[in-house]
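Visitor: One structure, as structure tokens, below. Some questions next.
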Amino acid sequence: MTSFDVYLQQVINGTSLGAMYALLALGFTLVYGILELINFAHFNVFMVGSFVGLGMLEALGVAPNGAALTGFALVGVLLATFAVTMLASGLLGVGIERIALKPLRNVKGPAAMITTIGVSYVLFNLVLLGLGADAKNFPSPLPSVSFAIGGAVLRLREILIWVVSLALMGGLTYFVQFTKIGKAMRATAQDPEAARMMGVEVDRVIIAAFFLGSALAGAGGLMFGLYYNLTSYVIGFTAGLRAFTAAVLGGIGNVPGAMLGGILIGLIEAFGSYWISAAWADVVIFSILVLVLVFKPAGLLGRVAPNKS
Amino acid sequence: MLTRRSKLMAASALAVAAGLALSHPASAADQVIKIGIDASLTGGDANEAELVKNGAMLAIDEANAAKTVKGVKFEGYVLDDGTATAGQYDPAQAAVNARKFVADKAVMGEVGPQMSGAAKAMIPIASWANLAMITESATNPAMTDPANAAQYRPNGKPVFFRTVATDAYQGPYLANYYADVLKVKTLYVLDDTGAYGEGIAKAFEEQAQKKGIKLLGHDKLDPKAADYTAVFTKIKEMNPDALFYGGVLQAGVKVVKQAYDILPHTIIKGGGDGIIGAEMFTAAGYPAAEGWYGTQASPHVTEDKAASEFIAKYKAKYNKAPDDYTITAYDGTLVIIDAVKRVKESGKPITREAVRDAVATANVKTLQGMVAFDDNGDIKDKVISIFQAHENKAAAIDDVDGQFKYVGVAPQS
């Protein structure tokens, strides 16, 4: 491999990882934009999503190390699995909001945020107790097709991650910009009081934000499984923390910022591991975060929020 | 005259009394001696933990049934040093467990812990109480190194013994095998930043370099991170003959998968005893696991005839096949029972100090042969066995002994 090939390969590695972080970061940003709440339950909605995807693939008869699918069968299985996983994760997110967060909506202080940490641990321990501590082999219906670009290798699973992430992010952008409920979301994010006076049903907006964010996290969890061929009950914390960092780096509450932040964190992780050492990846990521926040406290694309009081 | 109802009550009272008598066959005068058993029952090493815990329990049950020590009834006191948050052993939990063992006056010895990182937290606490610990699988050399006496023997005498060899032998002997048998010339080393992983990786790479293998690089992996592709891309660029991974399976399954995805399939891959576990096959699976070398810091006796009786008993009782570290756990428990027996027979009161001294001078016939310790608590006879993963469709996918084929004893120099 020439050094150009290696750089290209690291860009492939980093953007694939980053696309996954970006999907997860969008969920933090959607909820924060509307409720100014950091939802730590999101970490483990992602993890539950990967297990839902695993169950769905097994239900469809895809076995670990079984024969790969092609053509319509492959597309059908993937579509069905993504749809079920995203729906289940979205409903889980809405359920968390209804049961654990809605009663605290008017409580001042960090109570709601602490509750999300509690919910995160509940999900984590439920999966641990129900499914066991060992890592699970993730069935993959993807044929092992790969393309050589010089010495670098681009595999089907990377293309899948990019295509799915771009499609979901594009869909989300369209939804937020052009649909009625999307407009209501933006209005609520700007000024909930004024939005309510203009007839926006804030409660519905909140449900939509939790559903969308959690569905994206579920899709992220499924892609994690398809990409690494593994899942386990611990995957939520490291990925969740990096995605949260991505959301802050891009400007929390800002949708394009979350995407940019995710891709940047993925690239920093890949090149940090390559140039320095894998053990320093977190040090590099968080140092860059601190630097960015010192010079741009609202993140790369964020604006300092107007005083709402 | 008994009414029907009181007859029934009398009968059930009798039955309860009979049941009580059955569950306590030892007479009330027997002294209860507890043997602490510490294992990582929660997290990535849970399967292995269950095996070794049952190995120790079987030795205790047999000693009670055979009345090996007259006037003494043994009890296993099992504690878990794994936590959900750590996802594997947690040194802080191990320290809590050590304090629990020490606080219970009936505990006269401990079997375990499995993991070196846990042992490092437990030994200083056990030392102040003179509580003898015998590990079945904690192989990091630091704990028995006399240079670390201030840390691990604050009370003077060693309290930590092993029925396995250490990474000071496990890593280097496998390095000998890489150099002499596999003819490796260039090498890349990874570890999982745990006490065990770092120790074995360092010992491996030092001996490999002495043997003339060129070290191209060494990376440390965060066991909780999911993505090592950047590191493997770097390794692919350097194109070494062989890879060595020092660590346990939490990072190990991801190393096995991603090494297979990214590196050429001709590269030689190996690890220590940390990768010998069911997850190698249930989570990483074939074809990724194919060809990986692994070691055990004990003689491979599960295929010996002498051990076959033990294996049959174990399978009948726990419905699972024991592995080599189940046997070293069983052996360690035999050593503690033997020490208690010698103290008891000498007529002295059974104290932790007396048991520790008896363990230090042990010469006990066990499944792996005679077990005796040197002045630092290490086993005298140090044997490293080498295995290679090879798909075996006749065996179950989680049958570690079936999937890891025994290759032989590693060269000692």
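Visitor: Being surrounded by 19 or more Cβ atoms within 10 Å (Cβ to Cβ), within 14 Å of chain A (Cβ to nearest Cβ) and more than 28 Å from B:Ala118 (Cα to Cα) is the filter here, so list the residues in segment B:183-230 that pass it.
Guide: Correct list: B:Thr229, B:Ala230.
Visitor: For segment A:1-38, enumerate the residues that are buried (at least 23 other Cβ atoms within 10 Å of the Cβ), at the interface with chain B (Cβ under 9 Å from one of its Cβ atoms) and hydroxyl-bearing (Ser, Thr, Tyr).
Guide: The one that is buried (at least 23 other Cβ atoms within 10 Å of the Cβ), at the interface with chain B (Cβ under 9 Å from one of its Cβ atoms) and hydroxyl-bearing (Ser, Thr, Tyr): A:Ser16.
Visitor: Which residue is nearest to B:Asp401 (Cα to Cα), if the candidates are limited to segment B:256-284 and must be within 11 Å of chain A (Cβ to nearest Cβ) and among the β-branched types (Val, Ile, Thr)?
Guide: B:Thr282
Visitor: Could you list all residues from segment B:56-76 that are of a type in the set (D, E, K, R) and either more than 10 Å from B:Ile33 (Cβ to Cβ) or surrounded by fewer than 17 Cβ atoms within 10 Å (Cβ to Cβ) (or both)?
Guide: Residues satisfying the conditions are B:Asp61, B:Glu62, B:Lys67, B:Lys70, B:Glu75.
Visitor: Still on this structure: Residues that are within 14 Å of another protein chain (Cβ to nearest Cβ) and surrounded by 13 or more Cβ atoms within 10 Å (Cβ to Cβ): which helices (runs of 4 or more DSSP H) entirely in segment A:134-204 hold 1 or more of them?
Guide: Result: A:156-178.
Every residue, every condition in (1) more than 20 Å from A:Ala243 (Cα to Cα); (2) in contact (Cβ under 8 Å) with a residue 24 or more places away in the chain; (3) of a type in the set (Gly, Ala, Ser), yes or no:
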residue: A:Gly49; (1), (2), (3): no, yes, yes
residue: A:Gly55; (1), (2), (3): yes, no, yes
residue: A:Gly93; (1), (2), (3): no, yes, yes
residue: A:Ile117; (1), (2), (3): no, yes, no
residue: A:Phe124; (1), (2), (3): no, yes, no
residue: A:Val127; (1), (2), (3): yes, yes, no
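Visitor: Tell me, please, whether a residue that is modelled with pLDDT under 90, assigned to a helix (DSSP H, G or I), more than 9 Å from chain B (Cβ to nearest Cβ) and farther than 26 Å from B:Asp219 by Cα can be found in segment A:244-258.
Guide: Among the residues of segment A:244-258, at least one is modelled with pLDDT under 90, assigned to a helix (DSSP H, G or I), more than 9 Å from chain B (Cβ to nearest Cβ) and farther than 26 Å from B:Asp219 by Cα, which makes the answer yes.
Visitor: Restricting to segment B:28-42, give me the number of residues that are under 20 Å from B:Gly347 (Cα atoms) and assigned to a strand (DSSP E or B).
Guide: Looking only at that region, the number is 4.
Visitor: What about A:Ala239, is it within 12 Å of the chain's Cα centre (by Cα), in contact (Cβ under 8 Å) with a residue 12 or more places away in the chain, crowded, with 24+ Cβ neighbours inside 10 Å and more than 9 Å from chain B (Cβ to nearest Cβ)?
Guide: Judged against the criteria, A:Ala239 is not a match.
Visitor: Might you let me know whether segment B:231-241 holds any residue that is more than 13 Å from chain A (Cβ to nearest Cβ), of a type in the set (Val, Ile, Thr) and crowded, with 23+ Cβ neighbours inside 10 Å?
Guide: Checked against the condition, which is being more than 13 Å from chain A (Cβ to nearest Cβ), of a type in the set (Val, Ile, Thr) and crowded, with 23+ Cβ neighbours inside 10 Å, segment B:231-241 yields no hits at all.
Visitor: Next question, about the same structure. Given the criteria in contact with a helix residue (DSSP H, G or I) (Cβ under 6 Å, 6 or more places away or on another chain) and either within 14 Å of another protein chain (Cβ to nearest Cβ) or surrounded by fewer than 17 Cβ atoms within 10 Å (Cβ to Cβ) (or both), does A:Phe43 qualify?
Guide: When the stated conditions are applied, A:Phe43 passes them.
Visitor: In addition: Among the numbered criteria (1) within 14 Å of another protein chain (Cβ to nearest Cβ); (2) in contact with a Pro (Cβ under 8 Å, 6 or more places away or on another chain), which single criterion is violated by B:Lys315?
Guide: (1)
Visitor: Could you please find all residues in segment A:2-16 being touching a residue at least 24 places away in the same chain (Cβ under 8 Å) and more than 28 Å from A:Ala239 (Cβ to Cβ)?
Guide: Passing the criteria: A:Thr2, A:Phe4.
Visitor: Now for a separate question. Could you tell me how many of the residues in segment A:129-185 are under 30 Å from A:Met198 (Cα atoms) and of a type in the set (D, E, K, R)?
Guide: 2
Visitor: Got a sec? Which of B:Tyr318, B:Tyr330 is surrounded by fewer than 20 Cβ atoms within 10 Å (Cβ to Cβ), out of contact with any strand residue (DSSP E or B) (no Cβ under 6 Å at 6 or more places or on another chain) and closer than 30 Å to B:Gly71 by Cα?
Guide: B:Tyr318
The values are calculated or read from the model by the stated rules, or taken from the named source; none is laboratory data. The structure presented is a predicted model; accordingly, all values stated were derived computationally and were not measured. Note that we place each Cβ from the backbone using ideal geometry, even for glycine, and neighbour counts take in every protein chain shown.
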